[in-house]
Amino acid sequence: MDFAKIKEEPIPELKPFMPDFLEKRFSDLAELRKASEAGDTDQIKKICHQWKGFCEPYGFNQLTSYAIEFETSLDDKRPIDASVFVEKISSYLADKKRQINQDL
């Protein structure tokens with residue numbers, strides 16, 4: 001399934017929790033950045049695996065897609081530039097924050 005092509009809308013009952021959910025993802029991003037810089041692939045995979053499990057209902061489909069791609073690359077031992085993924089995710093979360101703030 002191409003999560004990036006699915007409309008990024010949360011389940012209506014989750015909308016009130018969006019700001020909190022987003023702030024937690026920024027905390028995760030800080031952990032991801034730290035793990036990436038340290039080469040801690042286990043921690044990177046842990047964060048990505050968690051995102052795969054709970055981002056879609058909140059309308060963070062692209063984050064789910066990034067997490068799948070990042071985790072799969074690590075599992076397949078394909079050479080990747082983790083900093084590129086981290087920056088894509090950082091940019092995506094910043095865009096989501098702007099969108100959520102406009103919707104409030």
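Take the conditions (1) among the hydroxyl-bearing types (Ser, Thr, Tyr); (2) within 11 Å of the chain's Cα centre (by Cα); (3) more than 21 Å from GLN99 (Cβ to Cβ); TYR66 misses just one of them, which is (3). For region 63-86, residues that are under 19 Å from ALA30 (Cβ atoms), touching a residue at least 40 places away in the same chain (Cβ under 8 Å) and not β-branched (Val, Ile, Thr) total 3. Remark: ARG98 falls outside the filter, which requires a residue to be within 22 Å of GLU13 (Cα to Cα) and surrounded by 16 or more Cβ atoms within 10 Å (Cβ to Cβ). Within region 34-56, residues that are assigned to a loop (DSSP other than H, G, I, E, B) reach partners that are among the β-branched types (Val, Ile, Thr) and surrounded by 13 or more Cβ atoms within 10 Å (Cβ to Cβ) with beta carbons closer than 7 Å, at six or more positions or on different chains, in the pairs CYS55/THR64.
As for region 60-75, it holds no residue that is out of contact with any Pro (no Cβ under 9 Å at 6 or more places or on another chain) and not in a helix (DSSP H, G or I). Specify the residue that is modelled with the lowest pLDDT; the eligible residues are those in region 1-18 that are out of contact with any helix residue (DSSP H, G or I) (no Cβ under 6 Å at 6 or more places or on another chain) and assigned to a helix (DSSP H, G or I). The extreme case among them is LYS5.
Among the residues of region 76-104, those that are of a type in the set (Val, Ile, Thr) and in a helix (DSSP H, G or I) comprise VAL84, VAL86, ILE89, ILE100. Among the residues making up region 58-78, a single one is farther than 17 Å from SER90 by Cα, surrounded by 14 or more Cβ atoms within 10 Å (Cβ to Cβ) and not hydroxyl-bearing (Ser, Thr, Tyr): LEU74.
Within region 14-46, the residues that satisfy the criterion of being touching a Phe, Trp or Tyr at 6+ places or on another chain (Cβ under 9 Å) and under 19 Å from ILE80 (Cα atoms) are LEU32, SER36, ILE44, LYS45.
The values are calculated or read from the model by the stated rules, or taken from the named source; none is laboratory data. Because the structure is a prediction, the values reported are computed rather than measured. Don't worry about glycine lacking a Cβ; one is built from the backbone with ideal geometry, like all the others, and counts go over all protein chains shown.
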